[in-house]
1. Given the conditions (1) without any contact (Cβ under 8 Å) to a residue 60 or more places away in the chain; (2) within 12 Å of the chain's Cα centre (by Cα), which single one is not true for K19?
2. Suppose we filter segment 54-91 for residues that are more than 28 Å from K21 (Cα to Cα) and over 15 Å from the mean Cα position of the chain (by Cα); how many remain?
3. Would you mention how many residues in segment 46-92 are modelled with pLDDT under 95 and aromatic (F, W, Y)?
4. Among residues belonging to segment 1-30 that are more than 14 Å from E89 (Cα to Cα) and among the β-branched types (V, I, T), point out the one that is surrounded by the fewest Cβ atoms within 10 Å (Cβ to Cβ).
5. Between residues in segment 57-70 that are without any contact (Cβ under 8 Å) to a residue 40 or more places away in the chain and residues that are in a loop (DSSP other than H, G, I, E, B) and surrounded by 15 or more Cβ atoms within 10 Å (Cβ to Cβ), which pairs lie under 9 Å by C-beta distance while being six or more apart or on different chains?
6. Among the residues of segment 71-91, is there at least one that is touching a residue at least 40 places away in the same chain (Cβ under 8 Å), among the hydroxyl-bearing types (S, T, Y) and loosely packed, with under 14 Cβ neighbours inside 10 Å?
7. Of all residues in segment 60-84 being touching a His at 6+ places or on another chain (Cβ under 7 Å) and not in a loop (DSSP other than H, G, I, E, B), which is nearest to L6 (Cα to Cα)?
8. Looking at A57 and the list (1) touching a Pro at 6+ places or on another chain (Cβ under 7 Å); (2) within 19 Å of E94 (Cβ to Cβ), which single condition is not satisfied?
Amino acid sequence: MHACVLSIEIHIPESGSLKAKRMVIRHLLDGARSRFHVAAAEVEFQDQWQHTRLGFAAVSGQPTQVTEVLDKVERFVWSHPEIAVLSSERQWLETDG
C-alpha cells in the first residue's frame with residue numbers, strides 16, 4: 001500500500017470574511033473529492049479570512065498512481081486565479097506491507 005498527503009498553503013486576497021473564504025475553499029475541496037477521489041479537508045488557519053492550508057490524501061497499490069492523482073489535484077488548485085499558492089509539500093506515509 002502506498003499513501004501520500006499533499007499539503008497546500010494558500011492565500012485568498014479577495015476574501016473579506018470567513019463566509020467568502022469558505023465559498024472558495026468549498027469549491028476546491030469538493031472539486032478535488034469529486035474529480036480525483038481523494039480525501040480533502042481544510043487543516044489549518046480556519047479562523048483567518050485570507051489564509052488557509054488544505055490537505056489531500058491518496059492511497060493506491062502503486063506509487064505512480066498516487067503521484068499522478070496528487071499531481072492532478074495540485075494542478076487543479078493552481079488553476080484557480082482567485083487564490084495564490086504559498087507552498088506545497090508532499091509527505092509519503094510509511095507502511096509495513
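1. (2)
2. 6
3. 1
4. V24
5. Taking only residues 6 or more apart or on different chains, the pairs are V69/V38.
6. Here is the first cut: in segment 71-91, the residues touching a residue at least 40 places away in the same chain (Cβ under 8 Å) are 73-74, 76-77, 80, 82-91.
Checking the rest, the ones that are also among the hydroxyl-bearing types (S, T, Y) come to 87-88.
Narrowing further to those that are loosely packed, with under 14 Cβ neighbours inside 10 Å: 87.
Among the residues of segment 71-91, at least one is touching a residue at least 40 places away in the same chain (Cβ under 8 Å), among the hydroxyl-bearing types (S, T, Y) and loosely packed, with under 14 Cβ neighbours inside 10 Å, which makes the answer yes.
7. Here the residue is V66.
8. With (1) touching a Pro at 6+ places or on another chain (Cβ under 7 Å); (2) within 19 Å of E94 (Cβ to Cβ) applied to A57, the lone miss is (1).
The values are calculated or read from the model by the stated rules, or taken from the named source; none is laboratory data. Please read all numbers here as calculations on a predicted model, not as lab measurements. Ideal geometry is used to build each Cβ from the backbone, glycine not excepted, and the neighbour counts take in all protein chains shown.
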